[in-house]
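One structure is given here, and the rest of the page talks about it.
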Amino acid sequence: MKLVFAGTPEVAVPALDALIASRHEVVAVVTRPDAPAGRGRRLVASPVAERAEEAGIEVLKPVKPRDEEFLARLREIGPDCCPVVAYGALLPKVALDVPAHGWVNLHFSLLPAWRGAAPVQHSVMAGDEVTGASTFLIEQGLDSGPVYGVVTEDVRPTDTSGDLLTRLAFAGSGLLVATMDGIEDGTLKAVPQPAEGITLAPKITVEDARIDWHAPALRVDRVVRGCTPAPGAWTVFRGERLKLVQAGLAADRTELAPGELAAGKNDVHVGTGSHAVELLWVQPQGKKPMKAADWARGVRIAPNERVGA
């Protein structure tokens with residue numbers, strides 16, 4: 001089939017690579033406009049745009065996918081199907097109607113679970129033991145279209161959302177190619193999602209990533225892992241934000257009050273609503289990530305001092 005691929009971040013690149021290597025022809029890529037990045041805030045092309053340019057593929061960067069110039073070019077190309085991975089903008093019906101086989105999204109959950117912008121983060125934070133990826137036909141509702149196929153992936157006890165998303169990006173790329181094959185062959189039909197089991201996964205805000213030290217240790221651990229690498233779990237220490245880069249459970253320590261710090265020679269523990277968690281890596285405000293023990297030695301934690309106040 002003649003394909004126009006839509007995607008923006010690094011997580012979409014494995015799927016683009018897989019489609020380029022497939023029997024189908026990726027004739028163009030749709031991605032978000034160049035965005036400011038780095039200290040100089042210079043405009044930088046998206047990872048998908050960079051990969052497409054390397055491959056000599058036409059790149060379209062509409063400010064909005066309802067822009068008439070973009071729609072005219074899309075109609076001129078006349079794609080058979082438009083596979084999508086983390087494009088980052090809502091597609092209007094006028095765009096959805098252009099390809100004969102519609103726009104097919106690779107979504108990183110087992111639909112109808114975790115519809116929305118942050119399925120992997122919510123899956124980790126909820127303590128799911130199994131998640132996966134789904135391909136579905138995009139319609140006007142939020143991730144509600146009929147499903148073509150799924151792959152499953154175990155959630156490991158130490159997975160961050162970044163770890164899990166990386167694995168799903170590669171597993172999902174194979175699923176997306178198989179979905180394109182099945183659509184072309186006529187051997188694959190989309191099945192409506194069940195009405196039961198719908199959960200929502202809105203974007204994780206900075207406030208969502210703030211640690212509640214009165215919560216059980218298991219919840220604290222899940223929030224830290226689910227918010228890594230973005231937006232980053234955090235707390236407050238001496239009036240400044242302290243980012244929690246990596247933590248672990250310490251079930252043998254129950255004597256610390258919620259938020260209470262205990263620093264040893266090579267370890268740092270914090271009390272929660274149940275047992276303690278161990279801080280492994282932290283990032284003080286305005287500084288680079290560092291081992292928690294090095295941070296604790298530098299700030300000289302006082303007896304009974306707490307985070308989160």
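Just list whichever of 243/265; 61/287; 265/288; 265/287; 64/287 have alpha carbons separated by over 29 Å in the model shown.
61/287; 64/287
With the cut-off at 1.5 for a/c, could you classify region 201-309 from its C-alpha gyration tensor as rounded, prolate or oblate?
The shape class here is oblate.
Relative contact order for the chain using alpha-carbon pairs under 8 Å, separation at least 6, rounded to a whole percent?
With pairs under 8 Å counted, the relative contact order is 13 percent.
So for region 166-300, averaging the separation of alpha carbon pairs under 8 Å that are six or more residues apart and normalising by length, what relative contact order in percent results?
Value for region 166-300: 18 percent.
If packing is taken as the average count of other Cβ atoms within 10 Å, what order do 205-211, 133-139 fall into, highest mean first?
133-139, 205-211
Which residue, 165, 279, 90, has the most motion in a Gaussian network model of the chain that connects Cα atoms within less than 10 Å?
Between 165, 279, 90, it is 90 that shows the largest mean-square fluctuation.
Helix by helix, which DSSP H runs in the chain go 15 Å or more along their axis at the Cα atoms and have an average Kyte-Doolittle hydropathy of 0.5 or more? Provide the component values of the computation, followed by the final result.
On the way: long enough: 161-185 (34 Å, 0.59).
Both cut-offs are met by 161-185.
Between 35, 12, 100, where does the largest GNM mean-square fluctuation fall for the chain, given springs only between Cα atoms within less than 10 Å?
Fluctuation is largest for 35.
According to a simple spin-label model (label point 7 Å from Cα along Cα-to-Cβ), what is the distance in nm between residue 139 and residue 42?
About 4.7 nm, to one decimal.
Could you state the accessible area per residue of the chain in Å², with a 1.4 Å probe and every protein chain left in place?
Per residue, the chain has 48 Å² of solvent-accessible surface.
State, to one decimal in nm, how far the label point of residue 191 lies from the label point of residue 35, with both points 7 Å from Cα in the Cβ direction.
3.5
Could you sort 204, 301 by their accessible area in this structure, using a 1.4 Å probe and putting the largest first?
301, 204
Nearest 5 percent is fine: what portion of the DSSP beta bridges confined to the chain is antiparallel?
Here the antiparallel bridges make up roughly 70 percent for the chain.
Hey, got the dipole for the chain? About the Cα centre, +1 on K and R Cβ, -1 on D and E Cβ, debye to the nearest 20?
1220
Note down the relative contact order for region 68-193 as a percent, whole number, built from C-alpha pairs under 8 angstrom at least six residues apart.
Numbers: 195 pairs, mean separation 28.0, N = 126.
After rounding, I find 22 percent.
The values are calculated or read from the model by the stated rules, or taken from the named source; none is laboratory data. Keep in mind the model is a prediction, meaning the values are calculated, not measured. Using ideal geometry, Cβ is built from the backbone for each residue, glycine included, and neighbour counts are taken over all protein chains shown. We work out accessible area using only protein heavy atoms, side chains counted, and drop any ligands, DNA or RNA first. Shrake-Rupley method; radii C 1.70, N 1.55, O 1.52, S 1.80 Å.
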